[in-house]
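Every number here is computed from the coordinates shown, using simple stated rules; none is lab data. The model shown is predicted, which means the values in this text are computed figures rather than measured ones. Positions of Cβ are generated from backbone atoms using ideal geometry, with glycine treated the same way; all protein chains shown enter the neighbour counts.
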Amino acid sequence: MAVENMETIMSIDKKKRLLDNLVIFGGKSALSETLHVGRPNKGEHEYFIQLATDILERQWLTNNGPVVREFEEAVACFLDVKHCIAVCNATTGLQLLFHALGLRDEVIMPAFTFVATPHAASWIGLKPVFCDVDERDHNLDPVEVEKLVTPETSAILGVHLWGNPCKVDELSEIAARHDLKVIFDAAQAFGGSYGNKMVGNFGEAEVFSFHATKMIHAFEGGIISTNNSKLAEKLRKMRNFGFSESGVVESLGTNAKLPEMSAAMGLVMLEQLERLGKIATANHQEYAKHLAGIPGIKLIDGYQYIVIVINQQEAGMSRDELADILIHENVQVKKYFSPGCDCLPPYNNRNYQLPVTRQLCEQCLVLPSSENVNSKHIKIITDIIRLVIKFAPEVKERMVNRGKI
Ligand SMILES: Cc1ncc(COP(=O)(O)O)c(C=O)c1O
């Protein structure tokens, strides 16, 4: 047999053996446990138990207790903002804020976000107007925002996606010129900054989430941060049925209070912020190192989330095909945010032209990080990505033959 043919047969055989190792083709995962996106970080259990015991013995479980107030002060100090109002979650926090600001009719916001953003507006009768985002940072594109302003617009709602700040100055300038309010859904951005200020100081107010999947969590919870004292006072009443501090109902309100136990977890997690930030940064750097040079894979900046954008033409396979392979390997990746909010009920009755959003909804994939993910895991995940993209045509053919896609 000619030497050339021998080499071809050997390389085909080697390729086959490499691909046979993939779970999707009958191999065994190198990961013994499933890795998740947003698996809750752990705080120091003893500290939590001590705070929890104090709460139970004090028999003050909710209604603006001392732990909630301590949590609010600690967050305000960290953000260097005048007021923090703790709430039961960010979705309710956004609703309170819309109400307190007296928003009406249309609110311009991205469709490339978690569905809580438009739902919060719709739930209180506002109309989300979806705007396209910037391909580079996945946040609102100010040029597109300007085009959507109408006499019905009352606010611009930016979302600091993946923890990265919006173009705050441009959005604020547009809002000022059209006499609109500007507010931020900062659910994913605790610890982020813009210029020399922490996220939390911009617009009329910003709303953070402390849901269990966030780097800093309170089981469930949220904080509205603002430097506007009048707005803060209004929000404090509204989160407690409209009661003033003297116990008189002075406005419309709801029950948006954060329980003491959640605030305790928030305090415990705040102590871990530096450590968790370092882990998240190291993980992001590790992913960047190992993903470098893989065709069609772009890692988005920002340490809190590991977001890759897959260019199907360059990678030779789609985001969905890659996700399918990784999920079989015990890597529970997430196709955030797919479909975009404009394609979800009740918003899918209008034909929005959002080309960048459409593309990102098809191309983005979020990979596991947090303290549960270490450099060995990252090496395994990125080795799989490198392998399947290197042999993309063969992988796809075998997947089709096995009826996987
Ligand atoms: C961008 C965005 N907005 C809003 C929310 C809602 O936050 P919560 O679960 O605290 O209501 C989330 C939660 O993941 C989010 O990612």
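Here are a few things to note about the model shown:
- Projected label distance in nm at ARG136 and SER122, using a 7 Å step from Cα toward the beta-carbon: 3.2
- Cα shape, the range 130-251, gyration tensor, a/c 1.5 rule: oblate
- As a rough guide to protection, the peptides 13-19, 64-70, 84-90 ranked by mean Cβ packing within 10 Å, highest first, stand as 84-90, 64-70, 13-19.
- The range 44-113-the range 229-284 distance, computed between alpha-carbon centres (Å): 1
- Helical contribution to [θ] at 222 nm, DSSP H n ≥ 4, -39,500 (n - 2.57), averaged over the chain, rounded to 500: -13000 deg cm²/dmol
- If R0 is taken as 41 Å, the Cβ-Cβ distance between ARG177 and VAL249 corresponds to a FRET efficiency of 0.60.
- Compared with the alpha-carbon gap, the fully stretched path from ARG69 to GLN313 is longer by 82.6 nm at 0.36 nm per residue.
- Counting every alpha-carbon pair across the range 247-320, the share separated by more than 15 Å comes to 71%.
- Spin-label model distance (nm) - LEU148 vs PHE241, 7 Å beyond Cα toward Cβ: 3.8
- The calculated FRET efficiency for ARG17 paired with PHE78, based on their beta-carbon distance and R0 = 56 Å, is about 0.60.
- For the range 322-343, the residues whose backbone nitrogen is under 18 Å from a point 7 Å from the Cα of ASP383, taken along Cα to Cβ, are 325-332.
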